[in-house]
Ligand SMILES: NC(=O)c1ccc[n+]([C@@H]2O[C@H](COP(=O)([O-])OP(=O)(O)OC[C@H]3O[C@@H](n4cnc5c(N)ncnc54)[C@H](OP(=O)(O)O)[C@@H]3O)[C@@H](O)[C@H]2O)c1
């Protein structure tokens, strides 16, 4: 990492969410962060928070399932700010639920497009730019469903398992060429707006420290990024002390 390093985080929603927390953390550490999400107001809120704190950020509205949009995001990040693209996070996900017998094919496909195809597009554009330099870090966000399908996580678990396989293949293909690829399994609900504001009864029922901490997650992603290449983690799992697993 140098003073001029750049990061792209794809799948940024509310400021108090994992994508937002990662962007703010990377900016605090000195990276110029490209904040990429599909809702302009949410992207703008994260960019403003970073700039108000003295950091550097550029917002890009992108649907990560659209190939041309993802390519344009990376082209813009490469050209529009000083420095080298050194860190990319694929964080988009949609924990959409449903069972096989009453699921439309279009639903399954859409969940897969966000959970897996988008990861492929982002991972591909990242390594295409990092390989000539022989360095860079690509991190993928996983979930409990990355390892285990349940009756109603049909489409989501299939997509997340696919994303995990993609990360493994990329790590084995590009690690020897200097690119660190890692997958983070978040085993439990995250203490962000999605749960705390979206399903407050659930958040309350989980009690003190019952949801995975955003600060703890941001620390873990930063730790992965800063690992020396002679001691790389490929997969990390995080959960609260209360989680049975
Ligand atoms: N939330 C949890 O409790 C939890 C638990 C375990 C693992 N995870 C994983 O953690 C990651 C992020 O979690 P999160 O849902 O809590 O949200 P988050 O980090 O706050 O934001 C992720 C954002 O990705 C955006 N997104 C969805 N589809 C997209 C697309 N096609 N193109 C661009 N952006 C898109 C959504 O934006 P909009 O808000 O604008 O739609 C969403 O808010 C996901 O990979 C998820 O599977 C979450």
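The values are calculated or read from the model by the stated rules, or taken from the named source; none is laboratory data. Since the structure is predicted, the reported quantities are computational estimates derived from the model, not experimental observations. FYI the Cβ positions are ideal-geometry reconstructions off the backbone, even for glycines, and counts take in every protein chain you see.
Suppose we keep only residues that are buried (at least 16 other Cβ atoms within 10 Å of the Cβ) and over 16 Å from the mean Cα position of the chain (by Cα) within segment 67-77. Which one would you say is nearest to the ligand (Cβ to nearest atom)?
Here the residue is 69.
Among the residues of segment 163-184, write down those that are surrounded by 15 or more Cβ atoms within 10 Å (Cβ to Cβ) and touching a helix residue (DSSP H, G or I) at 6+ places or on another chain (Cβ under 7 Å).
163, 164, 166, 170, 174, 179, 181, 182, 183, 184
Which one of the conditions (1) closer than 17 Å to residue 223 by Cα; (2) more than 10 Å from the ligand (Cβ to nearest atom); (3) touching a helix residue (DSSP H, G or I) at 6+ places or on another chain (Cβ under 9 Å) does residue 22 fail to meet, given that it meets all the rest?
Unmet condition: (2).
Restricting attention to segment 129-172, and to residues there that are assigned to a helix (DSSP H, G or I) and free of Cβ contacts under 8 Å to residues at least 24 places away in the same chain, which single residue is farthest from the chain's Cα centre (by Cα)?
132
Considering (1) surrounded by 15 or more Cβ atoms within 10 Å (Cβ to Cβ); (2) assigned to a helix (DSSP H, G or I); (3) near the ligand (Cβ under 10 Å from one of its atoms), say which one residue 222 fails and leave the rest.
Every condition holds for residue 222 apart from (3).
If the requirement is being farther than 19 Å from residue 8 by Cα and either within 16 Å of the ligand (Cβ to nearest atom) or touching a helix residue (DSSP H, G or I) at 6+ places or on another chain (Cβ under 7 Å) (or both), which of these qualifies: 100, 46?
Result: 100 is the single residue among 100, 46 that is farther than 19 Å from residue 8 by Cα and either within 16 Å of the ligand (Cβ to nearest atom) or touching a helix residue (DSSP H, G or I) at 6+ places or on another chain (Cβ under 7 Å) (or both).
Suppose we filter 10, 16 for residues that are surrounded by fewer than 24 Cβ atoms within 10 Å (Cβ to Cβ) and near the ligand (Cβ under 9 Å from one of its atoms); which single one remains?
The unique qualifying residue is 16.
Among the candidates 122, 127, single out the residue that is within 14 Å of the ligand (Cβ to nearest atom), modelled with pLDDT of 95 or more, touching a strand residue (DSSP E or B) at 6+ places or on another chain (Cβ under 7 Å) and within 23 Å of residue 78 (Cα to Cα).
122
Checking residue 53 against (1) more than 16 Å from the ligand (Cβ to nearest atom); (2) over 16 Å from residue 7 (Cα atoms); (3) in contact (Cβ under 8 Å) with a residue 60 or more places away in the chain, which single condition isn't satisfied?
With (1) more than 16 Å from the ligand (Cβ to nearest atom); (2) over 16 Å from residue 7 (Cα atoms); (3) in contact (Cβ under 8 Å) with a residue 60 or more places away in the chain applied to residue 53, the lone miss is (3).
Residue 139 - would you say it is within 15 Å of the ligand (Cβ to nearest atom), modelled with pLDDT of 95 or more, under 20 Å from residue 236 (Cβ atoms) and in contact with a strand residue (DSSP E or B) (Cβ under 6 Å, 6 or more places away or on another chain)?
Criteria met by residue 139.
In segment 190-213, which residues are touching a strand residue (DSSP E or B) at 6+ places or on another chain (Cβ under 7 Å) and more than 8 Å from the ligand (Cβ to nearest atom)?
191
For residue 30, indicate whether it is touching a residue at least 24 places away in the same chain (Cβ under 8 Å) and surrounded by fewer than 20 Cβ atoms within 10 Å (Cβ to Cβ).
yes
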